[in-house]
Every structure is written in structure tokens, then in C-alpha cells.
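Colleague: Pasting a structure below so you can have a look.
The values are calculated or read from the model by the stated rules, or taken from the named source; none is laboratory data. Source: prediction; values computed, not measured. Cβ coordinates were reconstructed from backbone atoms using ideal geometry, including for glycine residues, and neighbour counts include every protein chain displayed. Calculation scope for accessible area: heavy atoms of the full protein, side chains included, ligands and nucleic acids excluded. Shrake-Rupley method; radii C 1.70, N 1.55, O 1.52, S 1.80 Å.
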Amino acid sequence: ASFAIRVLIAAIIYFIGKKIIKWARKVLGRALERSGVDKGVRQFLDSATKITLYFILAIAVINQLGVETTSVVAVLGSAGLTLGLALQGSLSNFAGGVLILLFKPFKVGDYIIEDTHKNEGTVAEIMIFYTKLLTADNRIVVIPNGILANSSLTNVTHQKKRRVDVYVGISYDADIKKAKDVLTELLHAETAMLKEEGMSVFVDALEDSSVRLGCRFWVETGDYWDAKWRL
């Protein structure tokens, strides 16, 4: 009967603790949002707070069931080396997440390409161990923070403007000057082009079966794909 009461109290502690953790995360989130903290930092701190508070709740429940907290700590201490080896990857990912938030190679909303495995997408969430990318076709790619912090990546949208490069092949029999004039007219008609940045139309290469013409112009980053597809 005594153990049944302990189990009941432990269950009550668990459910009340869950409510308190949910409330604490909401309060923290609102406070960070009001203070203007970057969204990635808010997500990271929320993830870290959740894990820490649930660990404390687990200790409280175990203690209520009659298991001495000091015994649990002693067991964890004796298994420290094994636990450390098992969590080596997770600790690396945690450290990677801290580095990402400190040095800001990207933030939530940026479009990045992870160069090692060529994963790419818009940064949707920076968690304590992983970062989630949302691809153009609405898939979620989960990448360990350790990989993102220790390998090269390309931040496509970090800058406010991008250069559009478009190439087209014409016949060796074609009038090159006329082709360049046509491309120039198309560029002048492009509404997204930043006029102050200028533009260029040029012969890029003499290939086996065609003359390769190129044109370059600058647009706001958000207009890049629409402008390129139009041209």
C-alpha cells in the first residue's frame, strides 16, 4: 500500500511537473521574444531548457519512488566514461549548436547549402543537437549541428543582392551582334534588375557546336529565381 501511494504521488509530480515545464517554456519564450533575441537563439534555449527541466523532473520522480538521488548520481558517476563515449556525438552536436549561435554563419530563414553532403534548404529551426532545413519541395532535412559547425557551407541568402548569370548557345552561322542586342533588350526589360549595378552581355566560350553567350545582372536576393526563370 505504501509503495502504491508512492507511485501515485510520483505520477502526480510527473503530470504537475509537465504543466510547469510547459508554462516555464512559454514564459521564457515570451521574455526572449520581447527582448528581441534572434529566433535561432530562442529555439536553442527552449530546447536546452526543456531537456534540463525534464531531467530535474525525472530525478524528482525517481526520488519519490524511493530510489536515493545520491545513488543515481553515484551510478551516473561510475558510468561516466561509458556515458561520455556514448554521448560523444551528442556533445559535439551541442557544442556545434553553441558555435552556430555565437558566430552566426546562418540564422533561421536563411537558405543554406551544406557543402559536404550537398543538403540544402531554408533554415526552419536550430535545436540543441540538430538543425532542420525545409527544402523547396517541402521536405524536412535534419542535420547534426556538429557537421554544420565543422564543415563548409554556403549561405545563399545572407547578402541583400545576388548576381544572375544566364548562358545561351547560338549557331556559328548566327549574327553574334544581333544576338547580343536581343539579350541586352531583354535585360533592359527585366523589372527586377538593379539598374545601378549595371549589366553585361558577352561571348563566354567558343564551343564545339555553338557560340556560348552570357549575360549578368544584379537583383534583390528575394527576386533571384523569378528573374532568372523569366530570362
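Colleague: From (1) open to solvent by 70 Å² or more (accessible area, probe 1.4 Å); (2) of a type in the set (S, T, Y); (3) modelled with pLDDT under 80, pick out the condition that doesn't hold for T52.
Modeller: T52 satisfies every listed condition except (3).
Colleague: Quick check on the stretch 196-218. Is at least one of its residues open to solvent by 70 Å² or more (accessible area, probe 1.4 Å), among the hydrophobic types (A, V, I, L, M, F, W, C), under 30 Å from V108 (Cα atoms) and modelled with pLDDT of 95 or more?
Modeller: yes
Colleague: Within the stretch 155-173, how many residues turn out to be of a type in the set (D, E, K, R) and either outside any strand (DSSP E or B) or open to solvent by less than 60 Å² (accessible area, probe 1.4 Å) (or both)?
Modeller: 4
Colleague: For the structure I just gave you, tell me whether I100 is open to solvent by less than 40 Å² (accessible area, probe 1.4 Å), within 19 Å of I143 (Cα to Cα) and at pLDDT 80 or above.
Modeller: Details: open to solvent by less than 40 Å² (accessible area, probe 1.4 Å): yes; within 19 Å of I143 (Cα to Cα): yes; at pLDDT 80 or above: yes.
Answer is yes for this residue.
Colleague: Here's another thing I want to ask about it. Restricting attention to the stretch 17-29, which residues are open to solvent by 90 Å² or more (accessible area, probe 1.4 Å) and closer than 16 Å to Q64 by Cβ? Before the answer, list the steps.
Modeller: Kept after step one, since they are open to solvent by 90 Å² or more (accessible area, probe 1.4 Å), are these residues of the stretch 17-29: 19-20, 22-23, 26.
The one that is open to solvent by 90 Å² or more (accessible area, probe 1.4 Å) and closer than 16 Å to Q64 by Cβ: I20.
Colleague: Which one of A174, A124, A179, A95 is among the small types (G, A, S) and in contact with a Gly (Cβ under 8 Å, 6 or more places away or on another chain)?
Modeller: Values: A174 fails: in contact with a Gly (Cβ under 8 Å, 6 or more places away or on another chain); A124 fails: in contact with a Gly (Cβ under 8 Å, 6 or more places away or on another chain); A179 fails: in contact with a Gly (Cβ under 8 Å, 6 or more places away or on another chain).
Just a single option satisfies the conditions, and that option is A95.
Colleague: Let me ask something additional. What is the one condition in (1) open to solvent by less than 60 Å² (accessible area, probe 1.4 Å); (2) under 30 Å from F94 (Cβ atoms); (3) part of a loop (DSSP other than H, G, I, E, B); (4) of a type outside the set (K, R) that G146 does not satisfy?
Modeller: (3)
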